[in-house]
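Nothing in this text is a laboratory measurement; each read-out follows from the coordinates by a stated rule. Since this is a predicted model, take the numbers as computed values, not measurements. When we count neighbours, we look across all protein chains shown, and the Cβ atoms used for this are built from the backbone with ideal geometry, even at glycine.
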Ligand SMILES: NC(=O)c1ccc[n+]([C@@H]2O[C@H](COP(=O)([O-])OP(=O)(O)OC[C@H]3O[C@@H](n4cnc5c(N)ncnc54)[C@H](O)[C@@H]3O)[C@@H](O)[C@H]2O)c1
């Protein structure tokens, strides 16, 4: 303490000029290895700070604080998640050959790897985040997607007609008169949904015929679970797989998932335009009706989580898609890696806003998991995260 401070009354010394403990002691308070890193921004005097690569930018942002630090941490968690390797498939007993494995050049199984679950809200497919998700599916970097209904139909609709940039300020009544619909600052013409109806109705007709033929053949056993992804009884994920197959368009997430055998789960399949189509179809097909079984799908996603040797989640947005992946991971006593990106707040007790620690309390994410929540619009940060991780062009350094 300076000499000047010697003259200050003891009460001020005790309350205001008290000495600090070492920052490293905070590591005993909370499990966060980053505590104590010096806060620093980008040094623009350096050549490498000009026109920075995504991976360098994100690394530099890690020491900035606030959500920039969470962004940097999310990239580290994702790199750890995708570079974890376990036992070799051939060294495991038959009963332990479960979960996800590397696929070697000759098509055989290599080492165990993390099973990656990715959830996204519908608006993200309406937005250009769709193309980033397509790239991940194309390269089999995700093992399972979970979507809400809009995230299924909007993917198909975008193959039939475009979505446009509009403005958050465009008035609802004016747009209604013009037959235009607004999602944030994007606009979708009503005609797109008419095209979707024309496209999907013949598929619903065919799926109904296939269902009826299956019922006639299977008789009383027609309600038994049938896990062949191409056969009735239909489930939301089988239905979605069929849409992916039928759209046969490289730009479609559902098509890439069909092609690469990646399941897309959507327990709320009817809460969107698909629900309208299924509703209208009941009048056309009455008294017959398409049946969609949600029990087989919950069994499938929960089994996938239970069998995964390590489980990782990337959850873009909140609501149903967030909880569905978390709940599946409860079946294995919690995920090992978790990245949440959403704008939700926890003060209202919503699941959408719940922080990761709340999921730890339920056993949906492990306490020792590598985990972080970024408070942000997904469109701002997810393309940056993917550029800095999955698409950074570097070879993975594996760890066990
Ligand atoms: N294009 C569409 O958005 C669309 C189309 C048809 C139907 N619907 C239906 O609307 C219902 C609600 O949609 P939903 O469940 O997909 O999610 P939602 O739009 O209700 O969002 C749920 C939560 O996710 C978070 N979130 C959403 N967008 C985000 C973003 N860009 N960045 C960060 N966080 C974000 C917010 O916390 C939000 O409260 C669903 O049943 C869906 O099928 C949506």
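What is the calculated FRET efficiency for residue 333 to residue 6, with r their C-beta to C-beta distance and R₀ = 41 Å, to the nearest 0.05?
E between residue 333 and residue 6, to the nearest 0.05, is 0.10.
Starting from the Cα gyration tensor of the stretch 102-217, take the square roots of the eigenvalues, sort them a ≥ b ≥ c, and report rounded, prolate or oblate (rounded when a/c is under 1.5, otherwise prolate if a/b is larger than b/c, else oblate). Please report the intermediate quantities before stating the final value.
Numbers: a/c = 3.07, a/b = 1.37, b/c = 2.24.
In terms of gyration-tensor shape, oblate.
If you count the DSSP beta bridges with both ends in the chain, what percent of them are antiparallel, to the nearest 5? Walk me through the numbers before you get to the answer.
On the way: 11 of 38 bridges.
Beta bridges within the chain, antiparallel portion: roughly 30 percent.
Which residue, 257, 159, 194, has the most motion in a Gaussian network model of the chain that connects Cα atoms within less than 10 Å?
Between 257, 159, 194, it is 194 that shows the largest mean-square fluctuation.
Name the residue, out of 274, 365, 39, whose mean-square fluctuation peaks in a Gaussian network model built on the chain with Cα pairs under 10 Å.
In this elastic network of the chain, the residue with the biggest mean-square fluctuation among 274, 365, 39 is 39.
In degrees between 0 and 90, to the nearest 10, how far off the longest principal axis of the chain does helix 236-247 point, with axes built from Cα atoms?
80 degrees
Taking 1 over the mean of 1/r across every pair of different Cα atoms in the stretch 1-97, what Kirkwood radius in Å do you get?
Computed over the stretch 1-97, the radius equals 18.3 Å.
Rounded to the nearest angstrom and ordered from largest down, what semi-axes does the equivalent ellipsoid of the chain get from its C-alpha gyration tensor (root of 5λ)?
In descending order the semi-axes read 44, 27, 21 Å.
Compute the distribution of all C-alpha to C-alpha distances in the stretch 348-400, in bins of 10 Å from 0, and list the percent of pairs in each, rounded to whole numbers.
With a bin width of 10 Å, the distribution comes to 19, 33, 37, 10, 1.
For the Cα atoms of the chain, what angle does the longest principal axis make with the long axis of helix 190-218, in degrees from 0 to 90, nearest 10?
Roughly 60 degrees between the two axes.
Decide, for the stretch 268-349, between rounded, prolate and oblate: order the square roots of the alpha carbon gyration tensor eigenvalues as a ≥ b ≥ c, take rounded if a/c falls under 1.5, and otherwise choose prolate if a/b is larger than b/c, else oblate.
On the way: a/c = 3.61, a/b = 1.69, b/c = 2.13.
Oblate, because a/c is 1.5 or more while a/b does not exceed b/c.
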